[in-house]
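The values are calculated or read from the model by the stated rules, or taken from the named source; none is laboratory data. Please read all numbers here as calculations on a predicted model, not as lab measurements. All Cβ positions, even for glycine, are placed from backbone atoms using ideal geometry, and neighbour counts span all protein chains on display. For the accessible areas, the whole protein counts, side chains as well, though only heavy atoms, and no ligand, DNA or RNA atoms are used. Shrake-Rupley method; radii C 1.70, N 1.55, O 1.52, S 1.80 Å.
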Amino acid sequence: MANADTPGAALRRLVAEAAGVDADALRDDAEIAERGDDPGPAARLPALAGAGGSIVGVVPRADPGLARQLLNDGEVTSGTLRLVLTGGAEARLTGASAPLLRSVLAERGVETYRHDGDSPVAVFLVGDRAVVGLFDERGLAALLWSDAPPVREWAAATCRRYLSAADPV
């Protein structure tokens, strides 16, 4: 279990506040993986993504290794995959790697959108499960997933808000 100073604890507090639930109650309604856990957050993400038929998400940071793992191992091509790229991830759509990134996303059937703002966390709705990722300078630091209705409702509302303010790529 994460102590008060870990990325997992910070992520739990952030999600609890955003979803309007008590952080202590969220301990029972959410699971967390942190960097250093076995398996860690990056290893858990493809399995979580593969568990849902459709995925909609807000992605604030482009991590090429994580994206490659998710697209190749996560079997996410069986349903709808709609991503809103914001912050540093959105910047990659205009940088030197933009043509390659767009090609890979189109090849996988990913509906991609650009959002000019930013997000402090990655937020996904995977089927009926909310999945939230916290990044630091080294990549994905913590991952939280929950089936709790308030957390799912917050994740869905967050994804809708970003999607409605985004432009298709």
Exercise. Among the residues of region 2-36 satisfying the criterion of being more than 18 Å from ARG129 (Cβ to Cβ), open to solvent by 40 Å² or more (accessible area, probe 1.4 Å) and among the acidic types (Asp, Glu), which is modelled with the highest pLDDT?
Worked result: GLU17
For this session: Could you please find all residues in region 92-113 being surrounded by fewer than 17 Cβ atoms within 10 Å (Cβ to Cβ) and either in contact (Cβ under 8 Å) with a residue 12 or more places away in the chain or in contact with a Pro (Cβ under 9 Å, 6 or more places away or on another chain) (or both)?
Result: SER97, ARG102, VAL104, ARG108, GLY109, GLU111
Seminar exercise, completed: In region 155-169, residues that are surrounded by fewer than 17 Cβ atoms within 10 Å (Cβ to Cβ) and either under 12 Å from THR86 (Cβ atoms) or touching an Asp or Glu at 6+ places or on another chain (Cβ under 6 Å) (or both) total 3
Problem set entry | Breaking point among (1) surrounded by 17 or more Cβ atoms within 10 Å (Cβ to Cβ); (2) modelled with pLDDT under 90, for PRO64 | (1)
Exercise. Within region 125-154, can you find the residues that are open to solvent by 30 Å² or more (accessible area, probe 1.4 Å), in contact with a Phe, Trp or Tyr (Cβ under 9 Å, 6 or more places away or on another chain) and of a type in the set (A, V, I, L, M, F, W, C)?
Worked result: none
Seminar exercise, completed: Taking region 1-33 and keeping only residues that are in contact with a Ser or Thr (Cβ under 6 Å, 6 or more places away or on another chain) and assigned to a strand (DSSP E or B), one is left with ALA30
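Quick grid of which residues meet (1) of a type outside the set (D, E, K, R); (2) within 17 Å of the chain's Cα centre (by Cα):
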position	(1), (2)
LEU14	yes, yes
GLU17	no, no
VAL21	yes, no
ALA25	yes, no
GLU34	no, yes
LEU48	yes, yes
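So if I check each of VAL169, VAL123, which one is closer than 21 Å to GLY50 by Cβ and not small (Gly, Ala, Ser)?
Being closer than 21 Å to GLY50 by Cβ and not small (Gly, Ala, Ser) holds for just one of VAL169, VAL123, which is VAL123.
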Exercise. For region 143-169, which residues satisfy the criterion of being of a type in the set (A, V, I, L, M) and either at pLDDT below 90 or not in a strand (DSSP E or B) (or both)?
Worked result: ALA148, VAL151, ALA155, ALA156, ALA157, LEU163, ALA165, ALA166, VAL169
